[in-house]
Amino acid sequence: MIIAVPEKSIGASFKSTTLSAYGFFTDWVPNPAYNLCLDSEHDNKSKVSAFKSFLDSDEPILICTHATLRFAFEECTDEQFNDTLLAIDEFHHVSADTGSILGECLRSIMANSNAHIIAMTGSYFRGDAVPILLPDDESRFEKVTYNYYEQLNGYSHLKSLGIGYHFYQGRYTDAILELLDTNKKTIIHIPNVNSGESTKDKHSEVGYIIDAIGKVDHQDPETGIIYVKRHSDGKVLKIADLVEEKDRSIIDATLSKISEPDDMDIIIALGKAKEGFDWPYCEHALTVGYRSSLTEIIQIIGRVTRDVKGKVHAQFTNLIAQPDAKDEHVQLSVNNMLKAVTASLLMEQVLAPNFKFRTKLTEDDLPKPGEIKIRGLKEPSSNRVKAILESDLNDLKATILQDDTMLKVMPGNVDPEVINKVLIPKIIQIKYPDLDELEIEQLRQYVVVDSVFKNGEIKESGDKRFIRMADQFINIDDLHIDLIDKINPFQKAFEILSKTLTSTVFRLIQETIDASRIKMDFEEAKILWPKIQEFIQRYNREPNVQSLDPQERRMAECVVYLKNEKRRRQNG
């Protein structure tokens, strides 16, 4: 067995463990000589030599970094990986891009050896347009999904996880103490120095945060721990600074030996303490600035979701820069805020229980426990669609929620049916170009239905269940897909923004979105036309393009579009 991890510190997760005590047939006991993640003075060349030696030996286990695997692969044949089990941790580092060395290594081993491959990742979503695997390669894997909902339900101590987003203007260092509870074990991730939230002086930011917490008493040269007397009561807190590169190995060694809650109180980090970092007692991840990768958000949340005695609640808080009318980068700021809210919204959906949706054929067709029957729902017709729904649904939602076009329409200025029947199918088609029209429609319906239910409020009355859709509760037994398609599946994100932001900032968002409004096309016009006729009949006038109601404005733009199209066709 070969275990490959992205960095040495994560190799500690695969240390010797007495698995037989939990019912397994054997214990996990790696030979330290073949744990190439242990601190050593070996360079890449000597690690590659050890890797090659392992392949020719009878040793059962080797642990190495992704980099060592890449370097060793260049000096080995594919056949040397025969009869091995290759387990790649944090699999989202792989890419289908031809420039990805790790991806090329994996594809070659898959094609030219009988190696069995296990791919492990907290999120199958890269945050860019490049897939992790090509569809043909992906189809060769059997997918096993273990989500946060199942994880929390299986815990003994940790029972809840909170997702919060807070907005600030000015410098984040002036706002951070409003969210920082120094009684909680906390990881603070300061923003990247190239981001708009950064002051460009990362060391000063760390110093300001520490000074705001208390007065530095001393720093232990042997452990790297900074001892700080809290302003409020003089209690001494232990703080680790992972932003400072000097003597990093000292503090890394200290963190690896944490065994009690009192060993550490606060960790301040920049690029560290994310994926694979293990501090079970951590209760709060306070992250400053928008993170463009959903995977990074999920990895950070993973730092607080370890089950440990005394911890019943964990919290992820994202402190986000609020748009400033005087800022010349308003559009970027608005976009970042919308993306942060959509990422948080998605995480709330990840934490929700899964429903099984089925087509309701007759009135007597009653659902089984855990099922919801919906008339007109198209069920998956192929194994490909079933596989996507079983394993990739959240990643598909992430793609939809963070698509630039979706972000522009999210604050409610486009008819829900346009979102559901025009925009979402286009995004699905781009993400899964191998699907036909029927498969895309099946996926589209499931995304909309699942999102509406997970964002909806469900109530029970007697033996009946009701879901709140728009402004009314509807009997779940009476649901039809056409009714669900009239609901914005991501309306909750709009409500979050509406309630949280000031009218001035919200107007800024609307103006920014209006300035980059999506173009009208015939598919959208076809959906809006019956609504326009209904509007004219009800109000005895055409929709007004200057209306304060964004949907009326959009209908008015549709009228203009249709008139222009008619003139264009008449003129040939």
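Computed from the coordinates by the stated procedures, all read-outs in this text should not be read as laboratory data. Only a predicted model underlies this, so the values are computations on that prediction, with no experimental measurement involved. For neighbour counting, all protein chains shown are included, and Cβ atoms are generated from backbone atoms with ideal geometry for every residue, glycine included.
Compared with the direct C-alpha span, the chain from Ser160 to Asp58 gains 32.2 nm at full extension, assuming 0.36 nm per residue. Helical runs assigned H by DSSP (4 residues or longer) give the chain a calculated mean residue ellipticity at 222 nm of -11000 deg cm²/dmol, each run adding -39500 (n - 2.57) before division by the residue total. Counting other Cβ atoms within 10 Å as a rough exposure proxy, the listed residues Glu104, Glu142 run Glu142, Glu104 from fewest neighbours to most. In the chain, taking the dipole from charged Cβ atoms about the Cα centre, the farthest positive-side position among Thr65, Ile226, Ala4 is held by Ile226.
What is the helix-to-structure angle for 202-213, meaning the angle in degrees between its Cα long axis and the longest Cα principal axis of the chain, kept from 0 to 90 and rounded to the nearest 10? Taking the Cα atoms of the chain, the angle to 202-213 is about 90 degrees.
The trypsin sites (Lys or Arg not before Pro) of the range 142-236 that DSSP puts in a loop, and whose beta carbon has at most 15 other beta carbons within 10 Å, are Lys143, Lys159, Arg171, Lys200, Lys235. The distance separating the Cα centre of the range 426-442 from that of the range 23-96 comes to 38 Å.
Using the Cβ-Cβ distance between Thr504 and Ala111 with R0 set to 45 Å, the FRET efficiency works out to roughly 0.20. Annotation for Ala253 and Leu19: the two label points, set 7 Å from Cα along the Cα-Cβ direction, are 3.1 nm apart. Each other residue within a Cβ distance under 11 Å of Cys558 adds +1 if Lys or Arg and -1 if Asp or Glu, for a net charge of -2. DSSP bridge analysis restricted to the range 155-321 gives an antiparallel fraction near 25%, rounded to the nearest 5. Only Lys, Arg, Asp and Glu carry charge here, each on its Cβ (+1 for the first two, -1 for the last two); on that basis the chain has a dipole of about 1920 debye about its Cα centre. The Rg/Rh ratio of the chain, with Rg taken over Cα atoms and Rh as the Kirkwood radius over Cα pairs, comes to 1.00. Panel order for His93, His284, His166, His116, by other beta carbons found within 10 Å of each beta carbon, from fewest to most: His116, His166, His93, His284.
On full extension, the segment bounded by Arg569 and Asp549 gains 4.1 nm, given 0.36 nm per residue less the C-alpha separation.
Among Ile266, Ile458, what is the fewest-to-most ranking by other Cβ atoms within 10 Å? Sorted ascending by nearby Cβ count, the order is Ile458, Ile266. For the pair the range 350-383 and the range 446-490, the centres of their Cα atoms are 13 angstrom apart.
Since only Pro135, Val48, Pro32 are under comparison, the one whose Cα sits farthest along the positive direction of the charge dipole of the chain, derived from C-beta charges on Lys, Arg, Asp and Glu, is Pro135.
Of all lysines in the structure, the ones whose alpha carbon falls short of 22 Å from that of Lys215, not counting any fewer than 8 places away in one chain, are Lys184, Lys185, Lys202, Lys229, Lys235, Lys238, Lys246. Backbone N atoms of the range 60-74 closer than 20 Å to the 7 Å Cα→Cβ label point of Ile101 belong to residues 63-74. Taking 7 Å steps out from each Cα toward its Cβ at Ser461 and Glu75 produces label points 7.3 nm apart.
Classified by the C-alpha gyration tensor, the range 155-321 has a rounded form. Its axis ratio a/c, with a ≥ b ≥ c, is below 1.5.
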